[in-house]
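Comments concern the structure below.
The values are calculated or read from the model by the stated rules, or taken from the named source; none is laboratory data. For clarity, every value in this text was computed on a predicted model and none was experimentally measured. FYI the Cβ positions are ideal-geometry reconstructions off the backbone, even for glycines, and counts take in every protein chain you see.
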Amino acid sequence: MKKPVVAILGATGAVGQEFIRLIEERDFPFSQLKLLASSKSAGKKVMVKGVEYVIEEAKPESFDGVDIGLFAGGSISKTLGPEAAKRGCVVIDNSSTFRMDPEVPLIVPEVNPEDIAWHKGIIANPNCSTIIMLMALKPIQDLSPIKKIVVSTYQAVSGAGKEGIDELTDEVQAYLKGEEMVPHILPSKNLPKHYPIAFNIIPHIDVFLDNGFTKEEMKMVNETHKIFHNDAIEVSPTTARVPVFRSHSESILVETEDELTVEAIQKAIAAFPGAQVQDDPAEMEYPMPLYTSDKNDVYVGRIRKDLYNPKAVNLWVTGDQIRKGAALNALQIAEYMLEHDMIK
């Protein structure tokens with residue numbers, strides 16, 4: 001097909017900037033590129049592939065003639081997503097707005113690309129923690145159906161966007177100067193109380209729900225069920241924010257219907273596109289966020305049988321939240337659709 005007209009909504013934020021980097025790195029084809037943001041950012045200039053683009057204020061009419069809309073996330077998706085789709089644009093959205101809408105496919109391209117086919121103009125990107133977890137678990141699911149998942153996340157401040165990154169930087173600088181750390185963002189800027197993230201761990205991401213779990217934790221439950229098409233999988237999550245700039249880490253216990261060997265799991269993950277096994281404890285080789293930042297793949301290590309349940313294994317998983325957890329996953333959806341001639 002002809003090269004598509006592409007729009008990036010939220011082009012000045014952390015995910016939007018990552019979209020631009022990845023478009024350049026992967027030589028993503030486009031005939032025309034529109035960079036959209038709020039009125040506050042309109043008029044700023046950004047270089048893409050050696051060409052200077054001017055940021056435009058995002059409006060419904062901005063999507064006239066646009067084939068693919070890469071939405072970096074945020075509340076604006078609720079308004080502009082349907083408007084863009086109405087104009088014939090395929091929206092690939094990073095926000096949580098449409099994820100659990102039964103009319104909207106929730107996609108990790110390596111996991112459930114077949115679901116793309118039933119989209120009605122909007123496709124949702126899962127939560128970053130869900131993406132990273134399922135990239136490690138899909139190869140196991142293919143060996144034997146998963147019955148139970150117990151997951152604890154160690155999420156980088158990049159999950160809170162550029163503001164989270166800036167907050168950690170400012171707090172570290174204040175601490176080293178002997179000054180008071182004054183938090184403004186975490187655990188969430190819409191909450192009445194904030195805590196420093198520097199030299200700290202905050203076991204609270206998004207708001208608490210009536211069941212005692214946070215909204216972030218329930219995203220992992222509900223999105224896993226939707227992507228795997230199986231509401232019977234037991235998912236027990238705990239999510240925490242840690243003082244790391246990029247790359248989320250996850251400790252996962254997974255129970256399958258059949259007993260699997262560590263060797264079979266290692267082989268399956270190593271053969272899975274977008275996943276890498278880094279698992280040699282004797283040589284102290286295992287995934288770490290410092291070394292997986294700016295990488296496209298999800299890394300899996302510390303693969304070991306559970307001490308008590310022969311059908312359970314433990315994993316340590318790390319992946320770049322801004323890349324595979326957000327911008328890369330969305331761009332891969334667009335690449336898949338172009339490759340399979342799904343953009344009309």
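Structure summary
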item: Residue that is more than 30 Å from I123 (Cβ to Cβ), in contact (Cβ under 8 Å) with a residue 12 or more places away in the chain and of a type in the set (D, E), where the choices are E179, E216, E163, E171; result: E171
item: Selected residue (criterion: modelled with the lowest pLDDT) from residues of region 185-208 that are out of contact with any Pro (no Cβ under 9 Å at 6 or more places or on another chain) and surrounded by fewer than 11 Cβ atoms within 10 Å (Cβ to Cβ); result: N190
item: Scope region 22-54; condition among the charged types (D, E, K, R) and touching a residue at least 24 places away in the same chain (Cβ under 8 Å); matching residues; result: E24, R26, K34, K44, K49
item: Matching strands (runs of 3 or more DSSP E) fully within region 20-74 where at least 2 residues are within 23 Å of E163 (Cβ to Cβ) and at pLDDT below 95; result: 45-48
item: Residue within region 300-312 that is surrounded by 23 or more Cβ atoms within 10 Å (Cβ to Cβ), within 20 Å of P126 (Cα to Cα) and either within 23 Å of the chain's Cα centre (by Cα) or among the charged types (D, E, K, R) (or both) present; result: yes
item: 3 or more residues closer than 26 Å to G159 by Cβ and not assigned by TED's automatic domain parsing to the domain that holds L106: qualifying helices (runs of 4 or more DSSP H) within region 201-320; result: 215-228, 289-292
item: Residue ID - farthest from R21 (Cα to Cα), chosen from residues in region 55-72 that are of a type outside the set (D, E) and in contact (Cβ under 8 Å) with a residue 60 or more places away in the chain; result: G65
item: Residues that are more than 19 Å from the chain's Cα centre (by Cα) and of a type in the set (K, R), drawn from region 125-171; result: K147, K148
item: Residue among I149, I92, I140 that alone is under 24 Å from T224 (Cβ atoms), outside any loop (DSSP other than H, G, I, E, B), of a type in the set (V, I, T) and not assigned by TED's automatic domain parsing to the domain that holds E217; result: I92
item: In region 152-170, residue surrounded by the fewest Cβ atoms within 10 Å (Cβ to Cβ) [restricted to those that are in a helix (DSSP H, G or I) and among the aliphatic types (A, V, I, L, M)]; result: I165
item: Top-ranked residue of region 18-63 - restricted to ones that are surrounded by fewer than 20 Cβ atoms within 10 Å (Cβ to Cβ) and basic (K, R), ranked as farthest from Q332 (Cα to Cα); result: K40
item: Complete set of residues in region 114-129 that are part of a loop (DSSP other than H, G, I, E, B) and surrounded by fewer than 18 Cβ atoms within 10 Å (Cβ to Cβ); result: K120, G121
item: Near pairs, Cβ below 9 angstrom, 6+ apart or cross-chain, from region 187-202 (without any contact (Cβ under 8 Å) to a residue 12 or more places away in the chain) to any residue that is small (G, A, S); result: H194/S188
item: Selection from region 269-298 of residues that are of a type in the set (D, E) and within 21 Å of the chain's Cα centre (by Cα); result: D294, D297
item: Pick from region 1-16, criterion assigned to a loop (DSSP other than H, G, I, E, B) and touching a Phe, Trp or Tyr at 6+ places or on another chain (Cβ under 9 Å), ranking: nearest to A334 (Cα to Cα); result: P4
